[in-house]
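Chemist: If you scroll down you'll find the structure; I have some questions about it.
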Amino acid sequence: MKVLLDANIPYSLQEIFPTGYNVFHVKDLNLANAQDQEIAEWAKKNKAVIVSRDLDFANINNFPPENYIFLQCAKYKKSFSKFYLQDREIRNT
């Protein structure tokens, strides 16, 4: 699974994803200052889930769910998030 972390997500959060996830941060792709549409197009082209705290991605008129996958991220603790993702990975196998 490919995951794209938006600029408002800490770079270090890449560490919480289990092995097998291809995690990109907008900084790595020269998209740190890009508009939401450009970020969304990269995610669509590369079949990546967008992880962001930006509610603009939740606007289904601009980013229809059939074309984009968006995961809203609120407050998080790195240790809890890592445990949660590993638990989800085990349940989905």
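The values are calculated or read from the model by the stated rules, or taken from the named source; none is laboratory data. Predicted model, so just to flag it, every value in this text is computed and none were measured. We place every Cβ from the backbone using ideal geometry, glycine too, and count neighbours over all the protein chains shown.
Chemist: Tally the residues that are in a loop (DSSP other than H, G, I, E, B), buried (at least 16 other Cβ atoms within 10 Å of the Cβ) and among the charged types (D, E, K, R), restricting the search to region 36-64.
Modeler: The number of residues fulfilling the criteria is 1.
Chemist: Out of region 34-88, which residues are among the polar types (S, T, N, Q), within 22 Å of residue 20 (Cα to Cα) and either modelled with pLDDT of 85 or more or in contact with a strand residue (DSSP E or B) (Cβ under 9 Å, 6 or more places away or on another chain) (or both)?
Modeler: 46, 52, 72
Chemist: Among residues belonging to region 1-33 that are in a loop (DSSP other than H, G, I, E, B) and of a type in the set (A, V, I, L, M, F, W, C), point out the one that is modelled with the highest pLDDT.
Modeler: So the residue we want is 31.
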